[in-house]
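First the structure, in the form of structure tokens, and then the observations on it.
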Amino acid sequence: MVKNVLLKIAYDGTNFHGYQHQDDLRTVEDVLKAAINKVTGEDNRIIAAGRTDSGVHAVSQYVNFLTASNISPRAFNFHLDPLLPDDLQAIEAREVDLNFHARFSAVDKTYKYIIYTEKIMHPVYRNYMEHVTYPLDLEQLQRGLDLLKGEHDFKAFMRADKELAINTIRTIDDCYYEDHADRLEIYFRANSFLHNQVRIMVGSLIELARGRLSIEDYKRFFDQANSKRANPALGPQGLYLWSINYD
């Protein structure tokens with residue numbers, strides 16, 4: 001009998017060229033698919049809740065796949081564990097309805113971006129945080145976050161070389177920051193995001209909090225008549241796919 005297995009995975013994106021398959025490059029999808037195929041003896045199609053770029057990490061990513069294997073769905077993570085590298089782990093597994101789709105069944109996703117704010121960053125953090133040492137006006141940062149909430153045209157916050165003939169309207173359900181002693185953590189929750197949107201939003205927020213971008217210029221990024229791109233994306237190492245919510 002065919003079963004639909006939902007697998008929760010986590011990975012350190014440092015040595016992956018993103019989630020999605022790329023010829024002759026090491027990707028999460030290819031490494032995971034090879035392990036699943038070895039366990040099931042099938043050529044399973046793997047559906048992911050989302051795709052992360054090169055260097056981006058995932059604390060909670062989900063994939064699903066159909067299988068006729070006799071292995072209990074709840075045991076798949078244990079069977080996969082010895083076949084996966086140290087930077088990719090299968091956290092848990094369970095059976096879901098056959099019509100479940102890891103991407104389209106998701107209610108929302110949360111991304112977290114971490115910025116280290118001390119003058120000198122320890123080298124062990126270099127692959128896991130962005131480094132910003134400028135004084136930041138957190139009140140301005142909050143104003144910028146408040147403006148991001150809700151439905152907007154985010155085309156100015158999308159990677160510049162991407163084709164714009166797509167729907168660039170997105171809704172940010174919530175976004176907020178947490179100020180810790182040595183780092184700033186910024187969270188974004190939405191049903192979906194454009195390519196590089198989170199990293200570009202954070203880049204613009206930092207420019208706003210530094211005083212290099214006025215609130216008036218920041219607001220213009222949301223104007224549909226605006227042709228100017230938002231600030232460059234910050235590095236991928238500070239970005240984490242943090243959680244995915246299903247009904």
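What number comes out for accessible area per residue over the chain if the probe is 1.4 Å? Units Å², please. Spell out each step's value before the answer.
Details: 12460 Å² over 247 residues.
It amounts to 50 Å² per residue over the chain.
Within 15 Å, Cβ to Cβ, of Ile114, how many net charges do the neighbouring residues add up to if Lys/Arg are +1 and Asp/Glu are -1? Write down the numbers at each step before the final one.
Details: positive: Lys112, Arg126, Arg183, Arg199; negative: Asp12, Glu118, Glu130, Glu178, Asp179, Asp182, Glu185.
Here the charged neighbours net out to -3.
Based on the alpha-carbon set only, what is the convex hull volume of the range 132-203 divided per residue, in Å³? Please list the in-between numbers first.
Details: hull volume 6.7 nm³, N = 72.
That works out to 94 Å³ per residue.
Label points 7 Å out from Cα along the Cβ direction at Glu118 and Lys228: separation in nm?
The modelled label-to-label distance comes out at 3.7 nm.
For the range 78-221, what number of Lys pairs, 8 or more residues apart or on separate chains, have alpha-carbon atoms under 30 Å from each other?
For the range 78-221, qualifying lysine pairs total 12.
With N set to the residue count of the range 1-79, report its C-alpha Rg divided by 2.2 N^0.38 Å to two decimal places. Could you put the intermediate results ahead of the total?
Values: Rg = 12.5 Å, N = 79, 2.2 N^0.38 = 11.6 Å.
Compactness ratio reported: 1.08.
Beyond 20 Å, what percent of the Cα pairs of the range 141-245 remain? Can you show the working numbers first?
On the way: 1879 of 5460 pairs.
More than 20 Å apart: 34 percent of the Cα pairs in the range 141-245.
In whole Hz and in residue order, list the ³J(HN,Hα) couplings for the range 165-174 that follow from phi through the Karplus curve 6.51 cos²θ - 1.76 cosθ + 1.60, θ = phi - 60°; x for Gly and Pro.
7, 9, 6, 9, 7, 9, 10, 8, 6, 7
Taking only the alpha-carbon positions of the range 68-137 and ignoring solvent, what does the Debye formula give for the base-10 log of I(q)/I(0) at q = 0.15, 0.20, 0.22 Å⁻¹?
Listed by q, the Debye log ratios stand at -0.79, -0.97, -1.04.
Using every Cα-Cα pair within the chain, state what percent have a distance larger than 26 Å. Each step should come with its number before you reach the end.
Details: 13182 of 30381 pairs.
The calculated P(r) of the chain puts 43 percent of pairs beyond 26 Å.
Do you know the relative contact order of the range 92-247, to the nearest whole percent, from alpha carbon pairs under 8 angstrom that are 6+ apart? Don't skip to the answer; put the middle values down first.
Details: 271 pairs, mean separation 56.3, N = 156.
Result for the range 92-247 is 36 percent.
Out of the total accessible area of the chain (probe 1.4 Å, heavy atoms of protein only), what percent is carbon and sulfur?
The computed percentage sits at 46.
Within a Cβ distance under 14 Å of Val39, other residues only, what is the Lys/Arg minus Asp/Glu net charge?
Working: positive: Lys3, Lys33, Lys38, Arg74; negative: Glu42, Asp43, Asp81.
Overall, the nearby charge balance is +1.
So for the pair Arg143, Asp174, with labels modelled 7 Å out along Cα→Cβ, what separation do we get in nm?
2.5 nm
If you count only protein heavy atoms and use a 1.4 Å probe, how large is the accessible surface of Asp87, to the nearest 10 Å²?
30 Å²
Which of these, Thr117, Thr40, Thr52, has the largest mean-square fluctuation under a Gaussian network model of the chain (Cα springs below 10 Å)?
Sorting by GNM fluctuation, first place goes to Thr40.
How big is the Cα convex hull of the range 1-132 in projection, averaged over all directions, in nm²? Spell out each step's value before the answer.
Numbers: hull surface 36.0 nm².
Seen from a random direction, the Cα hull of the range 1-132 projects 9.0 nm² on average.
Using the Cα gyration tensor of the range 171-211, with a ≥ b ≥ c the square roots of its eigenvalues, what is the shape: rounded (a/c below 1.5), prolate (a/b larger than b/c) or oblate (neither)? Let's see the in-between values first.
Working: a/c = 2.33, a/b = 1.44, b/c = 1.62.
Note, shape of the range 171-211 comes out oblate.
On a 1.4 Å probe surface of the protein chains, which of His180, His101 comes out largest in accessible area, and what is the full order? Each step should come with its number before you reach the end.
Values: His180 65, His101 45 Å².
Largest to smallest exposure gives the sequence His180, His101.
Sticking with the crude label model, points 7 Å out along Cα→Cβ, report the distance from His195 to Phe100 in nm, one decimal please.
That separation, rounded to one decimal, is 3.0 nm.
The values are calculated or read from the model by the stated rules, or taken from the named source; none is laboratory data. Because the structure is predicted, anything quoted here is derived from the model rather than measured. Neighbour counts are summed over all protein chains in view; Cβ atoms, including those assigned to glycine, are modelled from backbone coordinates with ideal geometry. Only protein heavy atoms, including side chains, enter the accessible area calculation; ligands, DNA and RNA are left aside. Shrake-Rupley method; radii C 1.70, N 1.55, O 1.52, S 1.80 Å.
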